[in-house]
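Below you'll find the structure, written out as structure tokens, and then a few comments.
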Amino acid sequence: MQFLHPYWLFGLLAIAIPIIIHLFNFRRYRKIYFTNLKFLKSIRNETKKQHRLRHLLILISRILAITFLVLAFARPFIPGPAGMQSSSERFVSIYVDNSMSMQATVNGLSLLDVAKAKAEEIADAYGPSDRFQLLTNDFEGKHQQYYNRGEFISLLHELEISPKHRMLSVIRERMQESQALESDADLHLYFLSDFQKSSFDLEIPETDTVNMLFLVPVIKAAYGNIYIDSCWFGTPYNHINQHQSLHVSLVNAGELDLEKIPVRLMVNGMQKALGSFDVAAEAKAELSLTFTNNTPGSQSGLVMIEDYPITWDDGMYLSWEVKDRIPVLVISEKQSGFYFSGLFANDSVFYYSEDEIKKLDYSKFSGADLIILDNIETLSTGLSGELKKYVSSGGSLMLIPGMNADINAYNQFLSITDHGQLMPFDTSSLMVTGLNTGHEIFSEVFESVPENLDLPMVMGHYPVKISGNKYLEVIMDLQNGDPYISLARHGRGRVYLLAAPMGDESGNLARHAIWVPLMYRMAMLSRPQEQIYYTMGEHNIINTGMESLPGENNLLVKLLDSDYEFIPGVQGISGNKEISLYDRIVQAGHYRLSSSGDVLMSFSFNYDRLESDPEIYTGDQIKEMVNIQDADNVFVIESATEQIAQAVTEFSQGNKLWKLFIWMALFFILLEILLLRLVRK
């Protein structure tokens, strides 16, 4: 205990006054003679003991009354934590969690409103010379500065819910960056949040520049939540009139088992599928919704459930492209054989075209999903460069070297596309004995694989030296272990290598039953698997998949069915154009990239599901975390809103005791009065 005005303690000398009065309070007694003293002695002895006790109690009451009265004027207090009693200017950072979970309500108010009220009370507990910084999940420039109390409260009133979330460690770093620009004054950080377990970390660095860290829980009622965790297509391609399966992963973050929860799929504003699911408590469930892609072009989907009170994660926005036909380009030394034209030319699913290598038009590359080099003898430098650019931007390439291929030219191209190396031609006749049925090429080909599967024969091939390339995928191999058909992924694209020329003189692959499903699946998988949705806060750059953007200076990103729009940035990576969103995606939904009114691409954004699990840390659990880390500059304040200022004041100015001592002095004065009345009786 310390005293604000210790010189008042000299007033304790006044205690001597009642002591002196007590010692010199002698009474003169008159003698009265009685003939019989038997009963008078007992009465006299008893009265004398009571008289002395009462006077002793009166003396003690007077001494204590004077003592507490003097101590009250000396303004006693129990000091708060070290670093809080500084009379110099203090810099106070107050973080108010404005993430999606703060939309929950308590007593008719959102948690964000409760946190804002507490933040205002905290500011009121400091002095007029102290400076305040408002920290939020948005990390806006205005939140990097310090303000006086009035300016801080004005900023606080403007605060709204944000789709972003930040860990405590990130908030501390942000605060310290700001305060590094200021003086060496006391640094105080208040962290107001619902303390969800999924998004709170308490790691105190060994060298901590924050004098005081106050954790202020905003308590909410316990409730469960059902949310859509993720979505994906059963097949990586979407074509016109194709039956597609959309897989939906749902999570029950509550304590009750749930049954027959309805799920809807809306495509372009129309309901396309309806289903239901059962899910146990604290478990996941997966549901498949089947529908048909009836129209080509960009599609906007929305998977929906209904849940309360958390609703922001009840929908998942999706965007995908439905292709009318798959363009396949075959490049050959002369007219290609029947094995490609017979497969692709008469199928309405494909758009088939051929080019001779001497008359090749490189501009056709960007319009093809699959390019096949059929029995090409050599690769020129110009062709290699265009093919590399094509593969990097997401195209699929199948290389079939000719009988007299220039393996040096091929190997130069294969080396820059992360593939193996061709060795001199081997004329040995070999059987294909290995079939990678687990590869995606064969994922929809075999219901079951027979033991004695008939496979193609090869009468000559180019051995492929893998050289420990762990990224090379062998689809089919020969009985001597050499790869026959292999795949290397480069950039966003694929490079397939057939290690033998096409034709009857080198094998029977083109006449074998496996040829049709092999090439059909290769064409179906030729387009890079598109990302059907993005997550806010994680994705800020989107690859357009286009080498150039028409009207690049007039680009605009617009939220569908809204007036919200902004101008994105543009950059080129690996031959493709990317757009930078500058952290401007503020709402889940469907977005369009357009130029001068023409839509170039569509994409969808969803809220991060990190805070969908409503489980929180209690005040006791937070205190235990603090104790485990032995952090002597971290404190937990669990006071109600109307008491938060008092709690902060006690930390900053200590626990004031003068009011208590005044009451104690009044109590002993009252006790003295009562004792005096008993004495008179």
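Values computed for the structure shown
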item: Gain in span if fully extended, residue 333 to residue 669, counting 0.36 nm per residue against the direct Cα distance; result: 109.3 nm
item: Per-residue Cβ neighbour rank within 10 angstrom, fewest leading, 316, 431; result: 431, 316
item: Long-range amide H partners of residue 147 with built H, under 5 Å; result: 132, 133
item: Burial order of peptide ranges 89-97, 485-493, 436-444 (average beta-carbon count within 10 Å, highest first); result: 89-97, 485-493, 436-444
item: Size of charge dipole - the range 490-542 - debye, nearest 20, with Cβ of Lys, Arg +1 and Asp, Glu -1, no other charges; result: 60 debye
item: Angle in degrees between helix 515-524 and the longest Cα principal axis of the chain, rounded to the nearest 10; result: 40 degrees
item: Unit charges at the beta carbon, dipole of the range 326-524: most positive-side option, 510, 491, 424; result: 491
item: The range 419-498: C-alpha gyration tensor shape, a/c 1.5 cut-off, then a/b vs b/c; result: oblate
item: For the range 377-396 versus the range 521-589, the gap between their alpha-carbon centres in whole angstrom; result: 25 Å
item: Long-range amide H partners of residue 635 with built H, under 5 Å; result: 213, 214, 215
item: Efficiency of FRET between residue 529 and residue 621 - r from beta-carbon atoms, R0 41 angstrom, step 0.05; result: 0.45
item: Sites residue 324 and residue 546, calculated FRET efficiency, Cβ-Cβ separation with R0 22 Å, nearest 0.05; result: 0.75
item: Dipole magnitude (debye, nearest 20) for the chain, charges at Cβ of Lys, Arg, Asp, Glu; result: 6580 debye
item: Cα-based helix-to-principal-axis angle, 619-628 vs the chain, degrees rounded to 10; result: 80 degrees
item: Charge dipole (debye, nearest 20) of the range 315-398; +1 at Cβ of Lys and Arg, -1 at Cβ of Asp and Glu; result: 160 debye
item: Neighbourhood charge, 13 Å Cβ-Cβ cut-off, centred on residue 536 and excluding it, Lys, Arg +1 and Asp, Glu -1; result: -3
item: Mean residue ellipticity (222 nm) of the chain, computed from DSSP H runs ≥ 4 via -39,500 (n - 2.57), nearest 500; result: -7500 deg cm²/dmol
item: Global form of the range 326-524, assessed from the alpha-carbon gyration tensor, a/c cut-off 1.5; result: rounded
item: Degrees, to the nearest 10: 168-179 long Cα axis against longest axis of the chain; result: 70 degrees
item: Additional length obtainable on full extension of the chain from residue 235 to residue 139, 0.36 nm per residue less Cα span; result: 30.6 nm
item: Vicinal HN-Hα couplings computed from phi for the range 273-290 (Karplus, 6.51 cos²θ - 1.76 cosθ + 1.60; Hz; Gly/Pro x); result: 7, 9, x, 8, 8, 10, 8, 6, 5, 6, 9, 10, 9, 10, 10, 10, 10, 9
item: Whole-Hz couplings from phi, Karplus 6.51/-1.76/1.60, listed for the range 150-167; x for Gly and Pro; result: x, 5, 4, 5, 5, 5, 4, 5, 7, 5, 10, 4, 10, x, 8, 9, 9, 7
item: Spin-label pair residue 176/residue 147, simplified geometry with 7 Å Cα→Cβ offset, distance in nm; result: 2.6 nm
item: Rg/Rg_globular for the range 226-323, with Rg_globular taken as 2.2 N^0.38 Å and Rg from C-alpha atoms; result: 1.10
item: Shape category assigned to the range 534-606 from the gyration tensor of Cα positions, a/c cut at 1.5; result: oblate
item: Cβ-derived FRET efficiency at R0 45 Å, residue 109 paired with residue 433, nearest 0.05; result: 0.05
item: Residue-span extension gain [residue 280 to residue 341] - 0.36 nm each, minus C-alpha spacing; result: 16.6 nm
item: Fewest-first ranking of 134, 109, 581, 478, using other Cβ atoms within 10 Å as the exposure measure; result: 109, 581, 478, 134
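Every number here is computed from the coordinates shown, using simple stated rules; none is lab data. On a predicted model such as this, the values are computed, not experimentally measured, just so you know. Counting neighbours? That spans all protein chains shown, and the Cβs are built from the backbone with ideal geometry, glycine included.
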